[in-house]
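Encoded as structure tokens, the structure appears first; notes follow it.
The values are calculated or read from the model by the stated rules, or taken from the named source; none is laboratory data. None of the values given here were measured: they were computed from a predicted structure. Note that we place each Cβ from the backbone using ideal geometry, even for glycine, and neighbour counts take in every protein chain shown. Areas reflect the complete protein model, heavy atoms only, side chains present, ligands, DNA and RNA absent. Shrake-Rupley method; radii C 1.70, N 1.55, O 1.52, S 1.80 Å.
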Amino acid sequence: MATAAIPQAAPAVLPRHVAIIMDGNGRWAAARRLPRAMGHRAGVEAVRSVTRAARAMGIEALTLYAFSSENWRRPAEEIGGLMKLLKLFIRNDLAELVREDVRLRVLGDYRRFPEDVVALIDDALARTVDNRGPILAIALNYGAQAELVAAAQSLAARAAAGALDPMAIDAEAIDAELETHDLPPLDLLIRTSGEQRLSNFLLWQAAYAELLFVDTLWPDFDAEALAAAVEAFGRRQRRYGGL
Ligand code: IPE
Ligand code: IPE
Ligand code: MG
């Protein structure tokens with residue numbers, strides 16, 4: 001049978017860049033009468049399976065919101081637990097990321113983290129800097145408003161120094177100042193746990209992203225859930241203001 005006679009399935013629309021607000025670890029734990037830390041631990045397992053699934057699907061960039069600039073408001077004990085998990089994740093998973101040619105990125109001011117965590121992150125970034133494969137961006141102490149403030153300051157400083165015409169500042173100029181400047185445009189933004197807000201995540205980048213809010217708590221989000229999200233994205237009609 002000539003394969004040419006077989007009707008081709010419509011090519012699946014794959015988002016190039018998917019970002020996830022990984023929410024609901026605490027509620028996942030509470031539902032099991034477990035301490036919140038256990039929810040975060042289960043959340044790391046979800047990170048592992050979802051990053052693998054994203055790679056397998058051929059998604060170019062995956063951005064994960066792991067710690068917001070507002071998460072410092074949590075009890076020190078919980079923040080300490082999250083730092084421990086971050087270290088564990090880097091120690092356990094870096095070899096796989098290197099092997100899989102993953103380009104690791106960090107969005108946010110991670111230098112405010114404890115010294116040993118910063119050192120581990122710097123080492124992980126250095127060891128993946130020459131990779132050419134999919135991007136895994138982790139938002140750590142990230143806040144979109146701070147990101148935009150920094151962009152405004154940088155552009156204003158150049159303008160004040162006479163190196164930039166203020167009227168030449170356009171959307172591309174702002175894009176170039178953002179921490180996501182070398183990532184593909186954001187296509188799909190997912191938030192788990194039923195909350196429907198952005199919590200200071202990728203405010204500029206989300207301008208024309210498709211938003212998907214799912215009730216699944218982050219530790220229960222897996223490869224199948226990602227596939228369902230990507231499928232839902234494929235059914236969306238993006239119009240960008242046109243018809
Ligand atoms: C998301 O889960 C993980 C982080 C913010 C680090 P939460 O810890 O916010 O879980 P809920 O929202 O309390 O259930
Ligand atoms: C957003 O979740 C931040 C991360 C997932 C890292 P939060 O749980 O901190 O957000 P709010 O407080 O419900 O808005
Ligand atoms: Mg939450």
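Out of curiosity, is residue 223 hydrophobic (A, V, I, L, M, F, W, C), more than 16 Å from ligand 1 (Cβ to nearest atom) and in contact (Cβ under 8 Å) with a residue 60 or more places away in the chain? The answer is yes for residue 223. Within the stretch 54-68, the set of residues being open to solvent by less than 40 Å² (accessible area, probe 1.4 Å) and either within 16 Å of ligand 3 (Cβ to nearest atom) or among the charged types (D, E, K, R) (or both) comprises 64, 65, 67, 68. Restricting attention to the stretch 211-226, the residues being open to solvent by 40 Å² or more (accessible area, probe 1.4 Å), within 12 Å of residue 50 (Cα to Cα) and either in a helix (DSSP H, G or I) or among the aromatic types (Phe, Trp, Tyr) (or both) number 3. Per this entry, residue 50 is counted among residues that are within 17 Å of residue 21 (Cβ to Cβ), under 16 Å from the mean Cα position of the chain (by Cα) and away from ligand 1 (no atom under 12 Å from the Cβ). If you go through the stretch 226-243 and keep only what is aliphatic (A, V, I, L, M) and touching a residue at least 60 places away in the same chain (Cβ under 8 Å), you end up with 226, 227, 229, 230. If the condition is being within 13 Å of ligand 2 (Cβ to nearest atom) and within 15 Å of the chain's Cα centre (by Cα), then the stretch 186-202 contributes 189, 190, 191, 192, 198, 199, 200, 201, 202. Scanning for something under 15 Å from the mean Cα position of the chain (by Cα) and within 16 Å of ligand 2 (Cβ to nearest atom), does the stretch 160-179 turn up at least one residue? The answer is yes; a qualifying residue exists. The listed residues are 144, 139, and the only one of them that is under 16 Å from the mean Cα position of the chain (by Cα), touching a residue at least 40 places away in the same chain (Cβ under 8 Å) and over 22 Å from residue 97 (Cα atoms) turns out to be 144. Helices (runs of 4 or more DSSP H) fully within the stretch 108-186 that include at least 2 residues being open to solvent by less than 20 Å² (accessible area, probe 1.4 Å): 115-128, 144-160. Residues that are more than 12 Å from ligand 2 (Cβ to nearest atom) and of a type in the set (S, T, N, Q) do occur in the stretch 4-23, at least one of them.
Any idea how many residues of the stretch 31-43 are more than 13 Å from ligand 2 (Cβ to nearest atom) and touching a helix residue (DSSP H, G or I) at 6+ places or on another chain (Cβ under 8 Å)? Walk me through how you get there before you give the answer.
Pass one, the stretch 31-43, residues more than 13 Å from ligand 2 (Cβ to nearest atom): 31-35, 37-38, 41-42.
If we keep only those that are touching a helix residue (DSSP H, G or I) at 6+ places or on another chain (Cβ under 8 Å) too, we end up with 32, 35, 37-38, 41-42.
The total comes to 6.
Would you check if there is a residue in the stretch 202-209 being surrounded by 15 or more Cβ atoms within 10 Å (Cβ to Cβ), of a type in the set (Phe, Trp, Tyr) and not in a loop (DSSP other than H, G, I, E, B)?
Here is the first cut: in the stretch 202-209, the ones surrounded by 15 or more Cβ atoms within 10 Å (Cβ to Cβ) are 202, 204-206, 209.
Then drop every residue that is not of a type in the set (Phe, Trp, Tyr), which leaves 204.
If we keep only those that are not in a loop (DSSP other than H, G, I, E, B) as well, we get none.
No - not one qualifying residue is present in the stretch 202-209.
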